[in-house]
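Some notes on the structure that comes next.
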Amino acid sequence: MGQEDRWTDGPEGRWTEDGPLHYPRAQLPAYSIPYMMLRRSVVLLSVLAVPACSAPPAAAPAPAPSATVDSTPVFVPLPDARTLAIVRMANNVELAYTIIAARRATTTNVKALVRRERTSHTALNAAVERIAKELDVELRDNDVSLLLRDQSLPRRDSLRALSGRRFDSAYVALEVRSHRELLVAIDSVFLRSVRHPALESYLTDSLRPTIRAHLAQAERLQSTLVPRQ
């Protein structure tokens, strides 16, 4: 009891095992991490046809070749400070899962995964804070990071309702899902956006290898944890 993970910049946003103090528990859309970030970092170009308000046209001239409009979505990079805030929240989400799992996991292998998750994501967040200082930026939660936090609430509620082998199976399945989503986000958004070398090094040398290793461990466990009826 009393163990907390930082969730937002303000005092009302601190996390305990019972959830953020200020957030009403409600079911939220099951958006994935990549979807949320791509939705906010891609601008769809559209062309609006404005009808002319002049006098009726004379005889229509021969049609000119129509200009080809490229409707391909344009990727808008995330600022490094936003990327860091989102990564910090993703780490905090994983740490919040470990608070529950540390008390409910039953098998030796799942307990080992929980310990690895807690150790790794604590270290990853410490590195995020160091990079923020190096870049001289203040990390503030944004729409994506807050949605990550809010989306995780019903998932944690679901975990709290389980015990024994069913809990182990559900926790590992959640880790597989969340780490797959984060890997896609790293490759499709973070690495395409990064500007500062320190952040790029963190993403390629620390965050991505760690998430990939966690995913591999969780995937190995998943096939052994089909809950018994």
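The values are calculated or read from the model by the stated rules, or taken from the named source; none is laboratory data. Just so we're clear, the structure is a prediction, and the values are computed from it rather than from any experiment. Cβ coordinates were reconstructed from backbone atoms using ideal geometry, including for glycine residues, and neighbour counts include every protein chain displayed.
List of remarks:
- Entry remark, the range 140-155: residues being aliphatic (A, V, I, L, M) and within 16 Å of Phe190 (Cα to Cα) number 2 in total.
- Qualifying residue in the range 151-158 (condition: touching a residue at least 60 places away in the same chain (Cβ under 8 Å) and surrounded by fewer than 16 Cβ atoms within 10 Å (Cβ to Cβ)): yes
- Tallying residues that are assigned to a helix (DSSP H, G or I), more than 24 Å from Thr204 (Cα to Cα) and of a type outside the set (Gly, Ala, Ser) within the range 104-148 yields 8.
- Cβ-Cβ under 6 Å pairs, at least 6 apart or on other chains, the range 108-124 side in contact (Cβ under 8 Å) with a residue 12 or more places away in the chain, far side of a type in the set (Ser, Thr, Tyr) and in a helix (DSSP H, G or I): Val114/Thr98; Glu117/Thr98; Arg118/Thr98; Ser120/Thr210
- Unique residue being surrounded by 16 or more Cβ atoms within 10 Å (Cβ to Cβ), over 20 Å from the mean Cα position of the chain (by Cα) and at pLDDT 95 or above when the list is Val110, Val114: Val110
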